[in-house]
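Have a look at the structure below before the remarks.
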Amino acid sequence: MINDNIEIRPLRENELKQFWQVAFSKPEAEWTRWNGPYFHDVLPSSDEFMNHIGPDKWLNNNLHWVILCNNQLVGSLSAYYEDGALERWLDVGIVIYNGNLWGYHIGSKSLRMWINHLFEDVTDLPHIGLTTWSGNKRMMKLADSLGMKLEGQIRQVRYWNGKYFDSIKYGILRSEWLRKT
C-alpha cells in the first residue's frame, strides 16, 4: 500500500539484516523512550533477530509490516490480540525508529493505511484499538488525528523514571472508520 512517498508492506527476507540495523542496533535510540519504556524490554541482538525473532515474527505475518519512506525502511506496524487466543480484541502499534523523521506525518499516513488494511483484508472485527501512555503525547495526538476515540484511561499504572503515568486506550469502530474514509 502506498500513499505519496510512504509505503507499508510485509518485510522481505532479504531485508531482515537491514531492518534489524534500523530498528534494534541502537539500544538507547530515542524511540525506546516512548514505546512502553516502563516494560524495560531488551532489544534483540542481531543473532536473535536473524535466526529467531525476524523469521518467526516478521516474515509472512499479516500482523507485522514495515514502513518505507522514499524506499527506505523507517518503521514498523503491528497488530496484536489483547485477548490472546480469543482473537476478538485487536490493538495496533506503530514505531518510526529515527526520531529525525518524527513530525513529517509518516506515522499518520502509515497508520491510516494500516487500519484500512486491517479492516479490509485481515479482520471482520467491529473495533480496532490503540494503547499508549500519558507520557507519549505524540501517540495520543496521532490517535486523535485519525478519529480514534479516547475509550479508557487507567490512572497511574505506568511507572517510568520515578513517576506514574496513565495507560491510555483509544479505539475506532469499523462503521466510524468507513464514514471517515
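Kirkwood hydrodynamic radius, the chain, all distinct C-alpha pairs: what's the number in Å?
When all Cα pairs of the chain are included, the Kirkwood radius is 17.0 Å.
Taking the helices alone, the chain has a mean residue ellipticity at 222 nm of -6000 deg cm²/dmol, built from -39,500 (n - 2.57) per DSSP H run of at least 4 residues and averaged over all its residues. Contact order for the stretch 6-179, expressed relative to its length and based on alpha carbon pairs under 8 Å spaced 6+ residues apart, stands at 20 percent.
If you wrap the tightest convex hull around every Cα atom of the stretch 28-95 and split its volume per residue, you get 128 Å³.
Computed over protein heavy atoms with a 1.4 Å probe, the accessible surface of the chain works out to 56 Å² per residue.
Taking all protein chains as present, what is the carbon and sulfur share of the accessible area of the stretch 6-179, in % to the nearest whole number, probe 1.4 Å? Summing carbon and sulfur atoms, their accessible area is 49 percent of the total for the stretch 6-179.
The stretch between residue 88 and residue 59 holds 8.1 nm of extra length on full extension. This uses 0.36 nm per residue minus the Cα-Cα distance. Computed with every protein chain present, the accessible area of residue 178 is close to 100 Å² [probe 1.4 Å].
Translational diffusion of the stretch 59-112, estimated by Stokes-Einstein from the Kirkwood radius over alpha carbon pairs at 4 °C in a medium of 1.567 mPa s, is 106 µm² per second.
The values are calculated or read from the model by the stated rules, or taken from the named source; none is laboratory data. No experiment lies behind these values; they were computed from the predicted model shown. Protein only, heavy atoms only, side chains kept; ligands, DNA and RNA dropped before computing areas. Shrake-Rupley method; radii C 1.70, N 1.55, O 1.52, S 1.80 Å.
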